[in-house]
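The values are calculated or read from the model by the stated rules, or taken from the named source; none is laboratory data. From a predicted model like this one, the values you see are computed outputs, not experimental measurements. Here the Cβ is made from the backbone with ideal geometry for all residues, glycine too, and neighbour counts use every protein chain on show.
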Amino acid sequence: MNEKKVIGEKALEYVKDGMVVGLGTGSTAYYFTSKLGELVQQGLNIKGVPTSKKTETLANELGIPLVSFNEIEKIDLAVDGADEVDADLNLIKGGGGALLREKIIAASAKTFIVIADSHKNVDTLGTFPLPVEVVPFGLEMTIKHIRDLGGKTELRQQQGKPFLTDNGNYILDTNFQEIKEPKELEKKLNLIPGVVDNGLFVGMADAVITIIDKKLVTVF
Ligand code: 5RP
């Protein structure tokens with residue numbers, strides 16, 4: 001079974017005509033957006049808000065009409081992937097480097113649905129290194145502050161250069177081992193000058209569509 005495809009397409013059940021829909025980033029969100037594009041071609045009337053330039057390009061290719069924040073009051077639904085999901089539906093996101101836009105859109109959405117294949121389900125967050133988006137200025141000092149919180153940082157690279165987010169920032173993939181108190185860590189990281197945001201999404205997901213014991217399930 002192509003889990004990502006099955007899960008991504010299942011999330012279409014939440015889409016209703018007239019909605020403003022936040023479009024996630026990543027290989028699972030790709031299947032959601034692709035199917036949404038097909039439905040738009042068949043007459044579905046929705047507007048999309050992309051969480052990354054990559055998703056924006058995909059949506060344009062698929063003919064999904066896009067809106068910017070100044071044109072809307074709210075986002076009805078956001079659908080996005082995750083790198084880890086715990087039993088309380090807390091998430092690590094940002095494997096694709098889009099965590100800031102993803103969090104802005106998830107926080108603005110009335111309903112936030114996460115689409116995560118079976119490998120993403122964990123007891124405790126932290127095996128996947130936590131992506132932390134930081135401004136390039138003062139990088140070494142920001143790293144020191146994050147290390148004071150117990151994180152081992154690695155500057156994300158792409159083709160031998162620091163990876164740049166859509167916002168022109170760097171990503172520090174940060175190993176905290178087990179993250180026992182995700183809310184506290186999310187807040188502490190975001191208090192560090194130089195940190196823009198981090199990939200902990202705590203208490204944000206309304207539901208997670210996933211595979212457990214080879215069965216497609218929606219966890220609330
Ligand atoms: C991008 C993300 C993705 O949603 C996350 O990395 C999951 O990706 P995939 O669906 O490809 O496994 O947070 O920043």
**Asked** If you take the residues in the stretch 10-32 that are buried (at least 19 other Cβ atoms within 10 Å of the Cβ) and in contact with a helix residue (DSSP H, G or I) (Cβ under 6 Å, 6 or more places away or on another chain), which one is nearest to residue 165 (Cα to Cα)?
**Response** 25
**Complete:** In the set 146, 192, 211, the lone residue that is modelled with pLDDT of 95 or more, part of a strand (DSSP E or B) and either closer than 30 Å to residue 1 by Cβ or more than 16 Å from the chain's Cα centre (by Cα) (or both) is 211
**Output for the stretch 1-46, where each listed residue is under 19 Å from the mean Cα position of the chain (by Cα) and away from the ligand (no atom under 15 Å from the Cβ)** = 12, 14, 15, 20, 21, 36
**Item:** Candidate set from the stretch 184-199 (those that are closer than 21 Å to residue 95 by Cβ and out of contact with any Lys or Arg (no Cβ under 8 Å at 6 or more places or on another chain)); member that is surrounded by the most Cβ atoms within 10 Å (Cβ to Cβ)
**Value:** 198
**Request:** Taking residue 168 as meeting all but one of (1) over 22 Å from residue 52 (Cβ atoms); (2) within 18 Å of the chain's Cα centre (by Cα); (3) of a type in the set (Gly, Ala, Ser), write down the number of the exception.
**Result:** (1)
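State which residue is farthest from the ligand (Cβ to nearest atom) when the search covers only the stretch 84-106 and only residues that are of a type in the set (A, V, I, L, M, F, W, C) and more than 11 Å from the chain's Cα centre (by Cα).
Taking the candidates together, the pick is 87.
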**Asked** Would a scan of the stretch 61-72 turn up a residue that is over 11 Å from the mean Cα position of the chain (by Cα) and buried (at least 16 other Cβ atoms within 10 Å of the Cβ)?
**Response** yes
**Request:** Specify the residue that is nearest to the chain's Cα centre (by Cα); the eligible residues are those in the stretch 109-120 that are within 11 Å of the ligand (Cβ to nearest atom) and assigned to a helix (DSSP H, G or I).
**Result:** 120
**Asked** For the stretch 73-90, what are the residues that are within 11 Å of residue 21 (Cβ to Cβ) and either surrounded by fewer than 20 Cβ atoms within 10 Å (Cβ to Cβ) or in contact (Cβ under 8 Å) with a residue 60 or more places away in the chain (or both)?
**Response** 76, 77, 79
**Message:** If I ask for residues that are without any contact (Cβ under 8 Å) to a residue 24 or more places away in the chain and more than 16 Å from the ligand (Cβ to nearest atom), which ones from the stretch 47-60 would you list?
**Reply:** 60
**Residue list for the stretch 100-115, filter: farther than 16 Å from residue 199 by Cα and free of Cβ contacts under 8 Å to residues at least 60 places away in the same chain** = 110
**Request:** Considering (1) touching an Asp or Glu at 6+ places or on another chain (Cβ under 9 Å); (2) buried (at least 23 other Cβ atoms within 10 Å of the Cβ), say which one residue 55 fails and leave the rest.
**Result:** (1)
